[in-house]
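The values are calculated or read from the model by the stated rules, or taken from the named source; none is laboratory data. Everything numeric here is computed off the predicted structure, so don't read it as measured data. Backbone-built Cβ (ideal geometry, glycine too); neighbour counts: all protein chains shown. Protein only, heavy atoms only, side chains kept; ligands, DNA and RNA dropped before computing areas. Shrake-Rupley method; radii C 1.70, N 1.55, O 1.52, S 1.80 Å.
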Amino acid sequence: MERIIAHIDMNAFFASVEQQANPALRGKAIAVTGGGERTVVTTSSYEARARGVKTGMNKYEAKRLCPELIIVVGDNRKYTDTAVRMLRVFESFTPAVEVYSVDEAFLDLTGTGKLLGPPESIARAIKNRIFEEIGITCSAGIGPNKLVSKLASNMQKPDGLVRIRPEEVAAILEGLPVGKLWGIGSKLEQHLAVMGLRSCGELGRYPVSRLRNRFGIVGERLSMMGRGLDSSPIIPVGEGGDPKSIGHSTTLRKDLCDGGELRRYILKLSEMVGRRARRHGFKGRVVSLTLRYSDFYTFSRQRRLSEATDDARLISLTAKQILRSIGLRGPVRLVGISISKLVKGPAQLNLFDHDERREALLQAMDRVNDRYGEF
C-alpha cells in the first residue's frame, strides 16, 4: 500500500495565537519576543514579514525596519494550550500523529481513504477544523514520506494545501535547490555547492560512494534525499523514546569578556541541567559547552567523563575546563550547557560514604529548590 504522509504546519504560529487572543492585534505588524532586554524575534506576523521583519532579529533592528511594529512578549502557556488542542484535532483523524515541534506535526493517512476519503479532503477537513476551533490557519503538505510532505507544506504559504504524488517527485526535485530540503542547512548546502551539487537532481545522481567518502554515513542519507526517498517512520506521541541530551542556554544581559562572570553563568546553567536530569532519572557521559560571540559566531566543544553524572558541580567543573582549554576570542553573547550520551535507570549502589553524602546533598538541594524556587 502506498504511504500517504501529511505534514501540517501552523502559519506564523506564535504571532497567530497572539492575534487570535487579542483582536486589537489582528491585521497588525507584530513580533513575538522573549521578555529580556536583549531578546530576539521568535516569530513575526505576515504583516511584519512583508516589511522585512525576520525570526532572529533583535527587536531594535526589527523596529527600524517597521516603526509601527508591535512587540508582544511570548506566553508559553498559551502556545502549549493551543498545541494540545491542535493535537486533539489531528488525533480525531488518525492515531498515527508525530508531533515534530510545537507548531507542526506529521500524520500517517495510509489506509484512511475508505473511511475518510481522499488525502486532500482529509487535509482540507483538518485545516477547516483548526480554523473553526482554534482560529488560526495552517499549511498542509501531502507526500509519500515525511521528507516530501514537509517540502509540499512549504510550497504554498500561508494557508496552502499541496500534494506531491510519487510519480511527480523526480520532476519537482530535478531543479530544486538542495537547501530547500528538510535537514540540509546553510553550511551543508555550501559544502555541497563546492562539490558542484546545487540541485536535488544533481545530488540524487551523484555517486553514493563519493558522498560517503566526504560525509560518512550521512552521505547515503543525502543521496536518498536527493531522490526524494525517506523511510523514517511516524513516531506517535508517547512512543518517541528517551531524549538524546539535556541542556539549557541563556542570552546574556550584556556581552561578557570576563571569564569569572562567565563561569558564574556556567555554574547556574549546570545546576539547571543537573536538576532536570535528576528529575527525570538521567545521567550523562558527555558535557558540552556552547558559546555564541557578539558577531553571532557559534560553536560547541565537548568532553567525555569517565562515568555518567547528574551532579551539577561535576558538570560545571568540566564545562569550565573546556572554557580554559579554548580561551575566549571576544565578547560572549550566549552560553549553553548540555549533557548527552544519556543513561537511565536506578542509581548504582554507593560503595563509599562520600558518594552517599553527595547523593544526599543533591536531594536536599532539589527539595529546597522545589519549595522556594531555583537560585
Lone unmet requirement of (1) outside any helix (DSSP H, G or I); (2) in contact (Cβ under 8 Å) with a residue 40 or more places away in the chain; (3) out of contact with any Gly (no Cβ under 9 Å at 6 or more places or on another chain); (4) open to solvent by 10 Å² or more (accessible area, probe 1.4 Å) for Arg278: (1)
Within segment 158-172, does at least one residue satisfy the condition of being at negative phi, surrounded by 16 or more Cβ atoms within 10 Å (Cβ to Cβ) and assigned to a helix (DSSP H, G or I)? yes
Residues in segment 1-21 that are hydroxyl-bearing (Ser, Thr, Tyr) and closer than 12 Å to Ser101 by Cβ: how many? 0
Return the only residue of Ile142, Ile130, Ile122, Ile184 being in contact (Cβ under 8 Å) with a residue 40 or more places away in the chain and in a loop (DSSP other than H, G, I, E, B). Ile184
Of everything in segment 194-220 that's under 20 Å from Lys146 (Cβ atoms), out of contact with any strand residue (DSSP E or B) (no Cβ under 9 Å at 6 or more places or on another chain) and in contact (Cβ under 8 Å) with a residue 24 or more places away in the chain, which residue is surrounded by the most Cβ atoms within 10 Å (Cβ to Cβ)? Leu203
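Could we say that Glu261 is open to solvent by 50 Å² or more (accessible area, probe 1.4 Å), in a helix (DSSP H, G or I) and free of Cβ contacts under 8 Å to residues at least 40 places away in the same chain here?
Details: open to solvent by 50 Å² or more (accessible area, probe 1.4 Å): yes; in a helix (DSSP H, G or I): yes; free of Cβ contacts under 8 Å to residues at least 40 places away in the same chain: yes.
Yes.
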Inspect all residues belonging to segment 166-176 and state whether any of them is touching a residue at least 24 places away in the same chain (Cβ under 8 Å) and within 22 Å of the chain's Cα centre (by Cα). no
Return the pair list, or none, for Cβ contacts closer than 6 Å from residues in segment 223-239 that are open to solvent by 20 Å² or more (accessible area, probe 1.4 Å) to residues that are at pLDDT 90 or above and part of a loop (DSSP other than H, G, I, E, B), at least 6 apart or on different chains. Ile234/Ala96; Pro236/Ala96
Does at least one position in segment 244-259 carry a residue that is out of contact with any Gly (no Cβ under 6 Å at 6 or more places or on another chain), under 30 Å from Leu173 (Cβ atoms), modelled with pLDDT under 85 and of a type outside the set (Val, Ile, Thr)? yes
Filter segment 93-119 for residues that are over 25 Å from Phe14 (Cβ atoms), touching a residue at least 24 places away in the same chain (Cβ under 8 Å) and charged (D, E, K, R) and give the result. Asp108
Being touching a Phe, Trp or Tyr at 6+ places or on another chain (Cβ under 8 Å), open to solvent by less than 20 Å² (accessible area, probe 1.4 Å), at pLDDT 85 or above and part of a strand (DSSP E or B): is that true of Val335 here? yes
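Confirm whether Pro233 is part of a loop (DSSP other than H, G, I, E, B), at pLDDT below 95 and under 19 Å from Ser121 (Cα atoms).
no
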Ile4 fails exactly one of the following numbered conditions: (1) surrounded by 15 or more Cβ atoms within 10 Å (Cβ to Cβ); (2) under 19 Å from the mean Cα position of the chain (by Cα); (3) under 30 Å from Lys114 (Cα atoms). What is the number of that condition? (2)
Selection count, segment 267-302, where residues are charged (D, E, K, R), closer than 23 Å to Glu359 by Cβ and in contact with a helix residue (DSSP H, G or I) (Cβ under 8 Å, 6 or more places away or on another chain): 5
Residue selected from segment 55-94 under the condition surrounded by 15 or more Cβ atoms within 10 Å (Cβ to Cβ) and among the small types (Gly, Ala, Ser), by the criterion nearest to the chain's Cα centre (by Cα): Ala83
Kindly indicate whether Val102 is of a type in the set (Val, Ile, Thr), open to solvent by 70 Å² or more (accessible area, probe 1.4 Å) and within 25 Å of Gln19 (Cα to Cα). no
Report, by residue number, each residue of segment 188-221 that is over 26 Å from the mean Cα position of the chain (by Cα) and assigned to a helix (DSSP H, G or I). Val194, Gly201, Glu202, Gly204, Arg205, Val208, Ser209, Arg210, Leu211, Arg212, Asn213, Arg214
